[in-house]
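No lab work stands behind these numbers, since they all come straight from the coordinates. In this text the structure is predicted, and so the values were computed from the model without any measurement. Please note: Cβ atoms are built from the backbone with ideal geometry, for glycine as well, and neighbour counts cover all protein chains shown.
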Amino acid sequence: MHENDPSGSCTVALVGPYLSGKTTLLESLLYVTGATSRKGRIQDGNTVGDSAPEARERQMSVEVSAASTVFEGRYFTFLDCPGSVEFAQEMYNALVGVDAAVVVCEPDPERVLLLAPLFKFLDDWSVPHLLFINKLDRADGNLRGVLQALRSVCSRPLVLQQYPITGASGPVGFIDLVTEQAYQYRPGASAVPVPLPEPLREEEHRARIEMLETLADFDDHLLEELLEETEPPRAEILHDLQNELAEDLIVPVFLGMADQDFGVRPLLGALVAEAPESRTTTLRRGIDPESFLAQVLKTYLTPQGGKLSLVRVWGSVLEDGSTLDGVRIGGIYRLSGAQQTALPRAQAGDVVALARLEGVKTGDTLGRTSAPLPTAERLSPVFGLAISSEKRSDEVKLSTALAKLLEEDPALAWEQEPDTREVLLWGQGEIHLQVTLDRLKRKYNLPLVSRTPQVPYKETIRKTTNSHGRYKHQTGGHGQFGDVYLDLQPLPRGSGFRFAETIVGGAVPRQYIPGVEVGVREFLEQGPLGYPVVDLAVTLTHGSFHTVDSSEQAFKQAARIAMQEGLPRCEPVLLEPILGVEIAVPNAFTASVLRLLTGRRGQILGYEPKPNWNGWDTVIAHLPQAQMQDFIVELRSLTLGVGFFRWHYDHLQEVPEKRGETMAVGHRSTATGRPR
């Protein structure tokens, strides 16, 4: 196998939109190459990919699945990547470690836009990629329209290498445009050569000339042959396809129906003949092939087997039991979905799972290197839930379990919101977070309750006032006495809180003044409207004390009384957090997104073409945090799933008057508060 020829191995990612048929294609690839004796079906929950319980329950990929096979003497590892935009981080992390990608799509022009961010990533990383138009029986004779739509979202020239042969009941075969040989599909077997249908001869010839002219854009010798009307040799055409694919200059296009294995063998043949081998990729990435180097593409935390790190071995042979950066390898495994096969070693170019690499995260570079290898950009979280343990006794386990999940899924984030004291779990969408909650329950026996996060409102004041607070309490022994006069004054937005004193003549002894400030600060944790108070100044101007009964605690209570009396007279007003958002959308949807923002009380600051994204706009706006919770859901709905945004906290702003009154009343009726 590849142990004798490690340079002949090739790792290929299967990528594409949700429901395009990637997992079904993986089943077909494994079946026709003899790696499996029977094909699994997603509906039956017995596929090699999508082996995780969360994937099978939803009948969708939620993490990368690996499987290996051999075809025509070449060793392949396929990485089946999720298609849902909510799990795109999994796909991007895997793509940095592959030799090529097969982009799987449906023959539907209206769904082609879903491929735009994927093509952009592949081109930015110069990942060679082929296109497999799956479910060809649904094309309705509109293949030309599909190709035209694909060209609008792909920056590289598409090179159609097959021309379909269609019968009364749908696709029945194809013409190989390199050899001009026609083939007829056969259920359960390889396609058989047949005479080229005479009615298609002219169309096939035009398609072949178009293929050759595209290749000639990168090969002067081929261009001369075409100008001289000389038939180029087959070997020259294949050489051009191989070179130009390896350099990510073209995108070869293949056709088929993976559920019936139609077109799968020609796709495999193209991967053998045209896809770059592992050593070519290593050199193209500027990596020394003799180095001892590996990169983590994915982390799995299994309930039984512990931690597994899926790694691309870039450098020399990796032996079981050896040490990488001070961490001993606890086993090397070849994965086939959930199944593991132990290996004594891994060769350069392999993608294998290493056991028990504690402290190693997805994206980490292992081995001798002057600098870490580049990693995929971490996606910004766009959807959050407040979570808490169903059982109070489980609260101590929550932070540990969340830390482990972040090892497995870098697209997650969590924090404890200081104002609302909620634990917030952030991710890429509702399904993403529901899968995470399912994993917490299944892997760590940690059932959680989730809810919409509270918005961390604040309040402030509009008017200046002064207030008096006296605390006098007599017990059997020494009493308690404190007496303060405070000036309350609003400050500009974003100033926070300031405390000062102008005491003269010792009206309030110095040792009691800190107690006044503490009392003021504690009261401001929950103002008259029920929220923390900000952007005001409090000045201690006067007071009195008792030589025996006064204490710091008494002055703290006097300050609270003064605040309780004075703050409601300052016209308290509710403030809401405003986010700065940067939204990226195809320009066909820009107007719809502008309406979406204004309908959510957003303030549009402007929009402009998105740099290096052909046909996309960036919209800059301010959006109330209260309007953010399901914003990504509606944005994706408006933009066929491709729109995305980044956000950051920007400032506090007064809540519209009617909305603020309703919220303040609602908060006071439900808040437990603190005794004043």
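Data table
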| quantity | calculated |
| --- | --- |
| The stretch 71-121 and the stretch 624-660: distance between their alpha carbon centers, rounded to Å | 30 Å |
| Counting DSSP beta bridges with both ends in the stretch 467-580, the antiparallel % (nearest 5) | 70 percent |
| Potential extension, residue 544-residue 605 segment - 0.36 nm per residue separation minus Cα distance | 16.6 nm |
| For residue 52, net neighbour charge (Lys/Arg +1, Asp/Glu -1) across residues whose Cβ lies under 13 Å away | -3 |
| Assigned charges on the beta-carbon of Lys, Arg, Asp, Glu; the chain dipole about Cα centre (debye) | 3580 debye |
| Peptides 468-474, 285-291 ordered by average Cβ neighbours within 10 Å, highest first | 468-474, 285-291 |
| The chain, helix-only ellipticity at 222 nm - DSSP H runs n ≥ 4, -39,500 (n - 2.57), divided by all residues, nearest 500 | -8500 deg cm²/dmol |
| Correct choice for Rg and Dmax of the Cα atoms in Å that was computed from the model, options (1) 33.3, 109; (2) 32.5, 116; (3) 26.6, 102 | (2) |
| For the stretch 433-498: rounded, prolate or oblate by the Cα gyration tensor [a/c cutoff 1.5] | oblate |
| Förster radius 30 Å - calculated FRET efficiency between residue 553 and residue 390 (Cβ-Cβ, nearest 0.05) | 0.15 |
| Fraction of beta bridges assigned by DSSP in the chain that are antiparallel (%, nearest 5) | 80 percent |
| Reach of residue 463 by Cα under 20 Å, taken over lysines that are not fewer than 8 positions away in the same chain | 658 |
| Ranked list, fewest to most other Cβ atoms within 10 Å of each Cβ, for 481, 87, 218 | 218, 481, 87 |
| Förster radius 30 Å - calculated FRET efficiency between residue 454 and residue 361, Cβ distance, rounded to 0.05 | 0.45 |
| Spacing of the two label points (7 Å from each Cα toward its C-beta) at residue 498 and residue 445, in nm | 5.7 nm |
| Around residue 353: net Lys/Arg minus Asp/Glu count, Cβ-Cβ under 14 Å | +2 |
| Reach of residue 361 by Cα under 12 Å, taken over aspartates and glutamates that are not fewer than 8 positions away in the same chain | 407, 408, 409 |
| Pair residue 341, residue 629: separation of 7 Å Cα→Cβ label points (nm) | 5.0 nm |
| Label-to-label distance, nm, for residues given as residue 272 and residue 510 (7 Å Cα→Cβ offset) | 9.1 nm |
| Mean separation of Cα contacts under 8 Å (6+ apart) over length of the chain, as relative contact order % | 10 percent |
| Sequence of 613, 314, 414 once ranked by neighbouring C-beta atoms within 10 Å, starting from the fewest | 613, 414, 314 |
| Contour excess over end-to-end distance, with Cα ends at residue 234 and residue 613 and 0.36 nm allotted per residue | 132.8 nm |
| Ranked list, fewest to most other Cβ atoms within 10 Å of each Cβ, for 81, 10 | 10, 81 |
| Student exercise, the stretch 178-332 dipole from Lys, Arg, Asp, Glu Cβ charges, in Debye to nearest 20 | 1460 debye |
| 25 Å Cα-Cα reach of residue 391 towards lysines, excluding residues that sit fewer than 8 places from it in its own chain | 404, 441, 443 |
| Net length gained if the chain between residue 180 and residue 206 were fully extended (0.36 nm per residue, minus Cα distance) | 8.2 nm |
| Efficiency of FRET from Cβ geometry, residue 522 and residue 404, R₀ 56 Å, rounded to 0.05 | 0.90 |
